[in-house]
Amino acid sequence: EGAALLCAQIGAEHFTVDERENFKKCVIQPFIGAYLAGETPNPCVLCNKKIKFPEMFTFADSHGAEFCATGHYARTEKCGDSFILKKALDPAKDQSYVLWNLTQKELGRLKFPLGIYTKPQIREIADSAGLECAHSKDSQDICFVPDGDYARFIERYTGKVPETGDFLDPEGKRIGTHRGVIHYTIGQRKGLGISAPHPLYVCDICPADNTVTLGYSENLFSRKLTASDVNLISCDSLEEPVRVQAKIRYRHPAQPATAWMTPDGTLHVEFDEPQRAITCGQAVVLYDGDVVVGGGRITGAEKE
């Protein structure tokens, strides 16, 4: 509705494409499956790869459009015969982390006009043009879970109440009962319902045994991780170890690390310093300064 209103204001055509069934199949169902498997997925990354960009380009082709523009805070740049993806100039709004799956073909057709501005500047431009969207609220949550309660959404969607199980301490001793693995993510402290002399955190989730292991902050640190479903943007391969800065979450500052790939396609990242709460299902994104090298889906972490 907001897009339709904006198009009416500026005299642009507005189209709606119904992707609801495709979205359920390609985003919502894998999202639920990941939580049931003890992971913490990033549905925005999956949506970009499976829905948003491929369907946008299909629509563009059917209407004779050469380029597509989106409101992501990121930048593209031509470098020789290829294109690179770069961070936005506004570090507080940079969204390059969720765009690591983009291919050279897609980058060659994409425009990110917001990438050279800050959010206040964009609001000022929109306000000076008399656009109502200048004062719209920022969207922070996952679009299909606006209240942020993932577990309740999964229960509602599947019609199933998760099975309770055992909380374990780091030695494997039972210390309580959890409400179902979908209620927990690595590093979580709140909502555990366990009394202890020191703060406890979720350190491991094992759906096969229906157990959740709790420990202390020091039990959350890992120096190494592995990732699959790798996409490289600014290089052809990582056969030899390269120095990078790596982000393990959207809001996580990039950290110095060494990255390489093995012949089976697995990405390995070793950080200079141990990182807290590396979480399976999230993305690890590699940077060379402002340039996105590539990324992958985290599949494991080696605890200190």
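The values are calculated or read from the model by the stated rules, or taken from the named source; none is laboratory data. The shown structure was predicted, so the numbers you read here are calculated from the model rather than taken from an experiment. As a convention, Cβ positions derive from the backbone with ideal geometry for all residues, glycine included, and neighbour counts pool all protein chains shown. Heads up: the accessible areas ignore ligands, DNA and RNA and are worked out on the full protein's heavy atoms, side chains in. Shrake-Rupley method; radii C 1.70, N 1.55, O 1.52, S 1.80 Å.
Nonpolar atom fraction for segment 1-87, defined as the carbon and sulfur part of the 1.4 Å probe accessible area, stands at 54 percent. Expressed as a whole percent, the accessible area of segment 121-166 that falls on carbon and sulfur atoms is 49 (1.4 Å probe). The chymotrypsin sites (Phe, Trp or Tyr not before Pro) of segment 64-140 that DSSP puts in a loop, and whose beta carbon has at most 11 other beta carbons within 10 Å, are PHE67. Using alpha carbons only, the radius of gyration of segment 1-139 set against its Kirkwood radius gives Rg/Rh = 0.98.
In the context of the full set of protein chains, the chain has a per residue accessible area of 55 Å² (1.4 Å probe). In a DSSP loop and with at most 16 other Cβ atoms within 10 Å, the GluC sites (Glu not before Pro) in segment 132-171 are GLU163, GLU171.
Within the set of other residues whose C-beta is less than 15 Å from the C-beta of MET261, count the net charge using Lys and Arg as +1 and Asp and Glu as -1. Here the count lands on -3. Once Rg and the Kirkwood radius are both taken over the C-alpha atoms of segment 215-304, their ratio Rg/Rh works out to 0.94.
One quarter of the surface of the convex hull around the alpha-carbon atoms of the chain equals 18.2 nm², the direction-averaged projected area. Of the listed pairs LYS50/LYS86; LYS105/LYS160; LYS49/LYS78; LYS86/LYS160; LYS49/LYS137; LYS52/LYS303, which have alpha-carbon separations greater than 31 Å here? Where the Cα-Cα span goes over 31 Å, the pairs concerned are LYS105/LYS160; LYS86/LYS160; LYS52/LYS303. Applying the criteria of a DSSP loop state and at most 15 other Cβ atoms within 10 Å to the trypsin sites (Lys or Arg not before Pro) of segment 142-207 yields LYS160, LYS173, ARG189, LYS190. Would you mind checking the tilt of helix 119-128 against the longest principal axis of the Cα atoms of the chain, expressed as 0 to 90 degrees and rounded to 10? Here the helix axis deviates by roughly 30 degrees.
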